[in-house]
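As structure tokens, the structure follows; a few thoughts come after it.
The values are calculated or read from the model by the stated rules, or taken from the named source; none is laboratory data. None of the values given here were measured: they were computed from a predicted structure. When we count neighbours, we look across all protein chains shown, and the Cβ atoms used for this are built from the backbone with ideal geometry, even at glycine. Just the protein is used for accessible areas: all its heavy atoms, side chains included, with ligands, DNA and RNA removed. Shrake-Rupley method; radii C 1.70, N 1.55, O 1.52, S 1.80 Å.
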Amino acid sequence: MSYRWTTGVGLACCLTFSNYTGAAIPAEPVEMNILDNRFRIDPTMSQVTFVIRRESESKSVVLVRPDGKKYYKSRHPDYVYWQQTVDMDIVSISNPMPGPWQAIGKVSSDNKVQIMTDLKLHIDDFPSTLYEGETIKMTARILLDGKKYVRRDFINKVALKVSLVEVFDDTDSPEEEEIADEPRTFLLGRLKDDGNDFDEMPRDGIFTAEFHINVSPGKYKLRAETGNGIFFRAIEQDILVYPSPVMAVFKQSRRKINPHLLLIESDSASIQQGSLAVHAEFTDDKNKVSLFQGNAVQGLSYLEVNVTNFETPGIHKWQAWIYATDKVSARPLIFPVAEQTFEVEDFAVLEQARKEKEAQEEAQRLAEEAAKIEEKKAADKSTALITIIGGNTLLLILFLTGWFVMRKIKAKRLAAEEGDDGELPGEDEPATEPEAEDNKAA
């Protein structure tokens, strides 16, 4: 069922019906001229969106329902969503009242009001499992009655916001319950049909963007929604984010003759063996870029790439993109490696410094050896002096001891000789004692 009025010159309107119970109706909009800016809402419509063009920089229009009630940009029910631009009002209404509606305001003479029903947001197949650190492409479409909607004045104003919202398991811990009441939301990005970045064609009704999964492993809810109020649709999907299954390690060579090494490793439980590949870009301090690539050998879960040992001294930068295939879903995976830096020394200066260091170490070694020799000489001299002094002291003691003994002996002898010459034995002493003494002495 459709209508076409041709009474007077006024507002042009396009109607598309949904939830119609009769024969199938084509999704193509039907244009009609309506007197006094009026347009009719069919009873079968569950939701409509009005796109009303106005004269530039004029005030928003006033929508009048069939029963005379007015809707304003600043005052309307919760089920009415209103977006105002410089020259356009876009109003979305759930379960609108059937009958003739009217737009009051400075409506443009070449205006085309479009009443859209069954306007949906559709996202192409999106995986339910992701990996921390991967980048993934998302494609979304706006469908009108199941077909891609490409009206430019509408598409230009649409932007889709994509976020990940934390999901917590039920727990008996009061602290975790308190955290779960306020889950964190991580904005992944926005999709626009403007032909920039990863969007292939501008205003073709296909919104494309690439997102970096920079959240911690866990449970999330993916939420894609319109973010500018033109029409309000949202899609949610449960997502599991697993730890990154790949790792890149750069091992810098410290010798000029040996190359650097870029090592890529993967978790064999998550990544198909032999599917690893890497593209790396190295930039020197003169902004010269060198490319290095590699592929894993079939059956291996790692790969090694030799990187030229750059002779240009200074700070060098490198970044890489790791490619792999998911073992379970066979989904292609991309993991960007953030830019990192390393320093390349001036090998000539380094060699000169090495030689100077070796010379200093050799001089220090010789000085230490000379000091040890002098210390040993001093120790030997001290030992010899102590030995000489000790020997002389001992000789002196022996000499003095011998002299003292000899003197005592000599004194006794002198005393004995003097006694023999002048002294007579006493009366009480036996006369035979001297004889005995003489015999004893003999």
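Remarks
- Surface composition of the stretch 247-362: carbon plus sulfur atoms contribute 48% of the solvent-accessible area (1.4 Å probe, protein chains only, all chains present).
- Protein-only accessible surface at a 1.4 angstrom probe places the residues Ser163, Ser56 in the order Ser56, Ser163, largest first.
- Distance between the pseudo-spin-label points of Asp194 and Phe342 (7 Å out from Cα toward the beta carbon): 3.9 nm.
- Pairs of C-alpha atoms in the stretch 219-339 farther apart than 24 Å represent 44 percent of all such pairs.
- Full-extension gain in nm, Asp87 to Ile373, via 0.36 nm per residue minus C-alpha separation: 93.1 nm
- Excluding ligands, DNA and RNA, the accessible surface per residue across the stretch 353-413 is 93 Å² with a 1.4 Å probe.
- About the Cα centre, charge dipole magnitude for the stretch 230-314 (Lys/Arg +1, Asp/Glu -1 at Cβ), debye: 400
- A simple spin-label model places the labels of Ile409 and Leu187 12.0 nm from each other, with each point 7 Å out along Cα-to-Cβ.
- A quarter of the convex hull surface defined by the alpha-carbon atoms of the stretch 299-393 gives 14.3 nm² as the mean projection.
- Estimated inter-spin distance, Asp125 and Val289, nm [label 7 Å along Cα→Cβ]: 3.3
- In Å², nearest 10: area of Met247 left accessible to a 1.4 Å probe: 100
- Share of Cα-Cα pairs in the stretch 126-172 lying beyond 17 Å, as whole percent: 58
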